[in-house]
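Working notes, structure below.
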2 protein chains.
Amino acid sequence: MVTIDDVAELAGLSKSTVSRVINHYPHVSQEKKERVYQAMETLGYVPNSSARSLRNKKTKMIAVIVPRLMNPFFGQLVESMEVAANQQGYQLLICQTMYSQDTELGHLNLLKTKQVDGIILASLENEWNNIAEYLSYGPLIMCNEFDESAEIPIIKLDQIHGGYIATKHLIRQGHTRIAYCSGGHKSMVANHRKIGFEKALAEHGLRFDESLGFFDAYTIENGIEVFKEIHKMDNPPTAVFTGSDEVAAGILTGAREYGVDIPGELSVIGFDNQVISRIMDPKISTVEQPIEQMAQKAVHVLVEQINSNNKPAKERYELPLELIIRESTVGGPLRAVE
Amino acid sequence: MVTIDDVAELAGLSKSTVSRVINHYPHVSQEKKERVYQAMETLGYVPNSSARSLRNKKTKMIAVIVPRLMNPFFGQLVESMEVAANQQGYQLLICQTMYSQDTELGHLNLLKTKQVDGIILASLENEWNNIAEYLSYGPLIMCNEFDESAEIPIIKLDQIHGGYIATKHLIRQGHTRIAYCSGGHKSMVANHRKIGFEKALAEHGLRFDESLGFFDAYTIENGIEVFKEIHKMDNPPTAVFTGSDEVAAGILTGAREYGVDIPGELSVIGFDNQVISRIMDPKISTVEQPIEQMAQKAVHVLVEQINSNNKPAKERYELPLELIIRESTVGGPLRAVE
DNA sequence: ACCAATTTTGAAAACGATTTCAATGATTCA
DNA sequence: TGAATCATTGAAATCGTTTTCAAAATTGGT
């Protein structure tokens, strides 16, 4: 392996000088600079990053913790983060919790062992007070998923508004009996959507029928299950609010199997504006989330935290959501209200 | 930051002994062992991994290079790789090329700078002879995408067979005029599928009509475009072979828009057995690829390479593909052959 | 031509671990 | 009991950088 000493020797200089050239220090004569570059070139020298990290106490790596990549929301989030991280000169390490608390804590150890300079939490399996202690080892920020009590930067979406506009739309179409699907009881994202959902109901003097709630729906398969449950109800809902386009797609798939027309007999709204929502038949109304923007902001904020020597910060960024009306919620049997 | 010296001091021992305890060396008395553990515990000591990497010349990190994560095939591949890597005590760094040659070369520099112990190439933007030189800095292996001339381990799928069985199935349904879609001219995966495709045709005395070839189809949008092209042909095909379920889904979407019945007027077969193939209407016939198995094997082989001190190896592993018949290719207007 | 200020350089000390080497202490065996 | 073996420990070197410190070389002003 060719080291800085080899370069120094070939160039006939000390390694201090070589190091200075590499790091673009001022006060190096043009002549020596060129001799160093020449030597590096002929030797094919590249600095060893472990040595650099050790000395600089910076690894130029960050990690992102997500539940799993197959979930297209997180796939997209991580894709955008990787690009943003590279642009800022960082490598992105990917950590999946697979919904396990222990795995999550295991990943947080990357901070302790100084394998990464900071971590983006896009998933939250453990209580915040079990995570907070890791803060003393390096910066943590939250992205998408969050816990208000955490005194760290949070980049999130306005989920309350998201739940609200989606529900409002259903109500405007004349629905009064609306089912609610979401993924995860402890997710604050899901909680906030529910708040928006109920806010919209309340504005129209409606109350949520608890028997229409489904709180463990993540996948297409779950969506199919949900449809089956709904289908056998005596007094079924006329619309269903879902927490993801996949679940919505599952409901459509279930409905097709049972010959139930959507939106004719049941309206369905998704969440995320994933490609799938555009190609299902009928096309799924949904709520668009600015994932790329959120990912970029998160990387940016984390890098800032890293460079500010982990100076405590607790900024909050909230990005807007947008309703996208397609076919799965319009032209149903109910007349539009207002 | 608490270092091994702090532990040594508190335990009243030398750091050599502490190191030996950490690394489970034999010949450390039970008593000192306990004193060390005690000290580590009270100080909350965790070894610094940059220091370790520097000394051991091993980072316990590997990288995987993919085009992009949004592509569900690669999303699934990376998901499985991350899990497998963790199980083997490695962290997975994700590198997207975004189809850029320069970006790919940039990622390969991770090996030069010793940021990773090895790299899995699941994407190949550059010619192999431009990549080969990196081999002197650490192990490289290919997974899925490949170049036969590369003298490194290759874990791939039997794409020739995949192309063959899919086409054979279409021919059995009575099709003789079959369009062919794939992503990427230089991809050997695509090439092999084409070979299988033509082999099946040849077996039935059919020849491929070059005007029915589409070679830049990756996404749903591309699929829609392909459908439009086909739709305005004077002598359109009665079936289309696609290189991915997304493209197949795009064709279905295009067909729906134009009121063309599938499989009634056009049969479509996908590739991958992604969820989307199960929920489109009609459900898409496809070829199942054992992605998880391939991912695990790849990680395994790479780790082996790393531990064998990069001893040259050029094993080839070929995993089988399986035809999955659903609705998009059966019950078409043509009578089944044989 | 001389002094002060400023560039430019190199030797040596970090960074935090692991490993070699040699020394000590304990044990075995005759 | 003495020699030989083996288990146990610590001092110091090492991995490949960056940075501090001080010395040497240059510049500028008079």
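The figures follow:
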| read-out | value |
| --- | --- |
| MRE, 222 nm, helices only [DSSP H, n ≥ 4, -39500 (n - 2.57), over chain B, to nearest 500] | -13500 deg cm²/dmol |
| Positions from the stretch A:48-87 whose accessible area shrinks by 50 Å² or more when the full protein complex is built, not the chain alone, probe 1.4 Å | A:49, A:50, A:54, A:61, A:69, A:70, A:79, A:82 |
| Debye log10 I(q)/I(0) at q = 0.08, 0.11 Å⁻¹ for the protein assembly as shown, Cα point scatterers | -0.71, -1.19 |
| Between B and A, accessible area buried - total, square angstrom, nearest 100, 1.4 angstrom probe | 4200 Å² |
| Label 7 Å beyond Cα on the Cβ vector: residue B:129 copy-to-copy distances, nm | 6.6 |
| Residues with amide H under 5 Å from that of residue B:317, placed H, sequence gap 5 or more | B:154, B:155, B:156 |
| Whole-Å distance, taken between Cα centres, linking the stretch A:219-235 and the stretch A:7-22 | 70 Å |
| Evaluated at q = 0.17, 0.18 Å⁻¹: base-10 log I(q)/I(0), Debye formula over Cα of the stretch B:159-289 | -0.78, -0.89 |
| log10 of Debye I(q)/I(0), alpha-carbon scatterers only, for the stretch A:1-149 at 0.13, 0.18, 0.20, 0.21 Å⁻¹ | -0.70, -0.96, -1.12, -1.20 |
| With every protein chain in place, the stretch B:97-196: carbon and sulfur % of accessible area (1.4 Å) | 47 percent |
| √(5λ) per eigenvalue of the Cα gyration tensor, the stretch B:74-113, largest first, Å | 22, 14, 4 |
| Per-residue SASA entry for residue B:171, accessible area with 1.4 Å probe, Å² rounded to 10 | 10 Å² |
| For residue B:206, inter-copy label distances in nm, listed shortest first [label point 7 Å out on the Cα-Cβ vector] | 5.2 |
| The stretch B:56-101 versus the stretch B:285-322: alpha-carbon centroid distance in Å | 13 Å |
| Under Karplus coefficients 6.51, -1.76 and 1.60, residue-wise ³J(HN,Hα) of the stretch A:243-257 in Hz, glycine/proline x | x, 7, 5, 5, 4, 4, 4, x, 5, 4, 5, x, 4, 4, 4 |
| 3J(HN,Hα) from dihedral phi, the stretch A:99-116, Karplus parametrisation 6.51/-1.76/1.60, rounded to Hz, x for glycine, proline | 6, 9, 5, 4, 4, 4, 4, x, 5, 5, 4, 4, 6, 4, 7, 6, 7, 10 |
| For the stretch A:159-289, accessible area per residue (1.4 Å probe, heavy atoms of protein chains only), Å² | 36 Å² |
| Kirkwood hydrodynamic radius (C-alpha pairs) into Stokes-Einstein, the stretch A:68-204, 37 °C and 0.692 mPa s, D in µm²/s | 197 µm²/s |
| Principal axes of the stretch B:4-47: Cα extent on each, largest first, Å | 24, 18, 15 |
| List of the stretch A:31-47 residues, accessible area with partners at least 30 Å² below that of the chain alone (1.4 Å probe) | A:46 |
| Inter-copy label distances at residue B:109 (7 Å, Cα→Cβ; nm, one decimal) | 3.2 |
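The values are calculated or read from the model by the stated rules, or taken from the named source; none is laboratory data. These figures come from a predicted structure and were not determined experimentally. Note that we place each Cβ from the backbone using ideal geometry, even for glycine, and neighbour counts take in every protein chain shown. Side chains are part of the model used for accessible areas, which takes the heavy atoms of the whole protein and leaves out ligands, DNA and RNA. Shrake-Rupley method; radii C 1.70, N 1.55, O 1.52, S 1.80 Å.
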